[in-house]
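Below is one structure, written out as structure tokens; the observations come after it.
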Amino acid sequence: MITSSAPGKVYLFGEHAVVYGEPAVPCAIERRATVHVESREDDRIRVEANDLSLDGFTVTYGENPDEANVDVPGDLVEAATGYVNGAVEQARDAADAPSAGFNVEIESEIPLGAGLGSSAAVVVAGIDAATRELGVELSADELAERAYRVEHEVQEGQASRADTFCSAMGGAVRVEGDDCARIDDPPELPFVVGYDGEAGNTGKLVAGVRERREQYGFAADTVEAIGDLVRQGRRALRDDDVAQLGELMDFNHGLLSALGVSSRSLETMVWAARDAGARGAKLTGAGGGGCIVALDETTSTRLALEYTPGCEAAFRAELDTEGVRRE
Ligand code: PMV
């Protein structure tokens with residue numbers, strides 16, 4: 001059996017605008033998805049998942065995943081198997097083994113669909129483990145590229161390279177269209193995450209922003225303003241100016257809220273963090289529910305979030321400088 005893990009991420013800046021070619025800065029966090037892979041005698045795939053905000057499920061399927069035999073129903077399982085299936089297809093392609101079958105076991109510390117890049121982490125770790133099980137080693141760049149293809153396909157074209165590149169490489173990264181790179185020596189980023197227990201629908205939220213952007217010039221300007229803000233944020237990162245990073249996070253949240261992707265519980269958590277003295281706070285990822293990220297080197301924000309109605313979990317999330325890891 002071969003095991004790989006890959007980190008989840010928060011967006012310091014730039015989600016949604018990144019879909020239109022503006023820059024973004026996602027940062028890997030020390031919460032991982034771990035994927036164990038073992039070859040099978042036949043060409044089928046058996047997936048067992050734990051902790052993906054589900055109580056656990058098992059699914060076995062052959063050529064046609066639609067005819068899968070699943071032990072729990074639901075959209076989440078469908079989404080999860082779509083990503084695993086894509087990862088297996090990439091591994092088969094990379095190793096030139098089109099009918100390789102696998103038993104796949106997933107353990108994840110990253111809540112599903114909450115803006116922390118759980119699907120990208122599963123796909124990156126899954127491709128890495130499955131290709132190694134077939135005797136092939138891919139570089140982190142190749143993994144990022146193949147993982148992006150999977151997300152792009154499963155999300156019907158509504159995916160940027162941000163999540164998959166960040167998960168494969170680790171650290172803080174900058175993404176602008178197809179141009180992705182790690183940011184050297186970022187300052188200490190004391191992230192605190194608040195989670196409302198909900199999952200936003202990324203496809204719908206991205207489509208909503210697209211509509212507003214087409215309908216209103218000022219919504220298009222808002223997307224561009226996020227791009228300007230991210231460029232300023234990259235300078236603040238270079239200058240180790242954590243106070244300004246916090247201010248820009250607050251600003252970024254306001255612009256995302258104007259674009260219609262915040263929610264009552266995200267707003268409540270953002271304000272709880274600000275009231276507790278966080279340097280800045282914003283939603284992370286697609287929005288609509290899920291997680292906020294704040295910057296606070298003290299324990300105040302985490303404690304305040306723990307007592308905030310609607311916040312299901314609050315935790316510190318250290319920047320993870322390591323991307324995909326061979327366990
Ligand atoms: O919620 P997440 O982690 O899937 O992030 C979505 C980020 C978007 O910018 C809204 C879409 C994308 O693919 O970049």
Along each principal axis of its Cα atoms, how long is the chain end to end? Whole angstroms, biggest number first, please. 57, 41, 38
Give the angle, between 0 and 90 degrees and rounded to the nearest 10, that separates the Cα long axis of helix 264-275 from the longest principal axis of the Cα atoms of the chain. 50
For segment 249-327, which chymotrypsin sites (Phe, Trp or Tyr not before Pro) are both in a DSSP coil and crowded by at most 10 other Cβ atoms within 10 Å? Tyr307
Only four residue types carry charge here, +1 at the Cβ of Lys and Arg and -1 at the Cβ of Asp and Glu. Report the dipole size of segment 66-216 about the Cα centre in Debye, rounded to the nearest 20. 380
The chain: most fluctuating residue of Gly177, Gly287, Gly14 per GNM, C-alpha cutoff 10 Å: Gly177
Taking the chain as the reference, fit the longest principal axis to its C-alpha atoms, fit the long axis of helix 217-238 to the helix C-alpha atoms, and give the angle between the two in degrees, 0 to 90, nearest 10. 90
Using protein chains only and a probe of 1.4 angstrom, how many square angstrom of Phe218 are accessible, to the nearest 10? 140
Considering only protein heavy atoms, what per residue accessible area in square angstrom results for segment 191-316 with a 1.4 angstrom probe? 45
Out of the total accessible area of the chain (probe 1.4 Å, heavy atoms of protein only), what percent is carbon and sulfur? 42
So what is the 222 nm mean residue ellipticity for the chain from helices alone, if each DSSP H run of at least 4 adds -39500 (n - 2.57) and you divide by all residues, rounding to the nearest 500 deg cm²/dmol? -13000 deg cm²/dmol
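The values are calculated or read from the model by the stated rules, or taken from the named source; none is laboratory data. Because the structure is predicted, anything quoted here is derived from the model rather than measured. Backbone-built Cβ (ideal geometry, glycine too); neighbour counts: all protein chains shown. We work out accessible area using only protein heavy atoms, side chains counted, and drop any ligands, DNA or RNA first. Shrake-Rupley method; radii C 1.70, N 1.55, O 1.52, S 1.80 Å.
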